[in-house]
Amino acid sequence: MTSRFCSACNMPLENTSDIGLTTKEHFFCIHCTHQDKTIKTCTEIFEGGIQFFLNTMPDLNRDFAERIVRKNMNSLSYWNTRKDTCLQGPEASDEEFAEILKRLA
Ligand SMILES: [Zn+2]
């Protein structure tokens, strides 16, 4: 399988089991889809991302996690056409974002 990424959260989809939903234009991971194959709302995915960072890096505070997730989601074309209020607000800087990605690697 070639490298694919979730259109809603940018998670790498390395295995078929990571994919929750495939549409004509997008792939969505299992974390961004409901059991019934519908895509979660922006708020649900935003909150899920925050929980992921807070669980993975317990030293982060919520405000910082929100800014990281907002930066990540706003960089995805999927959300550019779906302006949602949860994606409006302060974002992490490029430096902060790069630092977090390094820690995740
Ligand atoms: Zn996802």
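The values are calculated or read from the model by the stated rules, or taken from the named source; none is laboratory data. This structure is a prediction, so every number in the text was calculated from the model and none was measured. Cβ: placed from backbone, ideal geometry, glycine included. Neighbour counts: every protein chain shown.
When you scan region 48-67, how many residues do you find that are more than 19 Å from Cys29 (Cα to Cα), among the hydrophobic types (A, V, I, L, M, F, W, C) and within 13 Å of the chain's Cα centre (by Cα)? First the steps, then the outcome.
Our first condition is that a residue be more than 19 Å from Cys29 (Cα to Cα); within region 48-67, this holds for 54, 57-67.
Add one more test, that the residue is among the hydrophobic types (A, V, I, L, M, F, W, C), and what stays is 54, 57, 60, 64-65.
The next check asks that each one be within 13 Å of the chain's Cα centre (by Cα); those that pass are 65.
The total comes to 1.
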Checklist entry - If you go through region 51-65 one residue at a time, do you hit one that is assigned to a loop (DSSP other than H, G, I, E, B), touching a strand residue (DSSP E or B) at 6+ places or on another chain (Cβ under 6 Å) and without any contact (Cβ under 8 Å) to a residue 40 or more places away in the chain? => result no
Checklist outcome for this item: By residue number, the members of region 34-50 that are basic (Lys, Arg) and more than 13 Å from the ligand (Cβ to nearest atom) are Lys37
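When you check Lys71 against the structure, is it at pLDDT below 95 and either on the phi > 0 side of the Ramachandran plot or not assigned by TED's automatic domain parsing to the domain that holds Leu13 (or both), yes or no? Outline the logic, then answer.
Values: at pLDDT below 95: no; either on the phi > 0 side of the Ramachandran plot or not assigned by TED's automatic domain parsing to the domain that holds Leu13 (or both): yes.
Answer is no for this residue.
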Checklist entry - Taking region 66-105 on its own, how many of its residues are free of Cβ contacts under 8 Å to residues at least 60 places away in the same chain, under 14 Å from Met11 (Cβ atoms) and part of a loop (DSSP other than H, G, I, E, B)? => result 1
Next on the checklist: Yes or no: region 33-46 includes at least one residue that is β-branched (Val, Ile, Thr), buried (at least 18 other Cβ atoms within 10 Å of the Cβ) and in a strand (DSSP E or B).
Outcome noted: yes
Next on the checklist: Can you report the number of residues in region 1-32 which are part of a loop (DSSP other than H, G, I, E, B) and within 13 Å of the chain's Cα centre (by Cα)?
Outcome noted: 9
Checklist entry - List pairs: first in region 20-33 and more than 6 Å from the ligand (Cβ to nearest atom), second among the small types (Gly, Ala, Ser), Cβ under 7 Å, 6+ apart or cross-chain? => result His26/Ser7; Phe27/Ser7; Ile30/Gly20; Thr33/Gly20
Checklist outcome for this item: Picked from region 1-17 (must be more than 14 Å from Ile39 (Cα to Cα) and buried (at least 18 other Cβ atoms within 10 Å of the Cβ)), the residue farthest from the ligand (Cβ to nearest atom) is Leu13
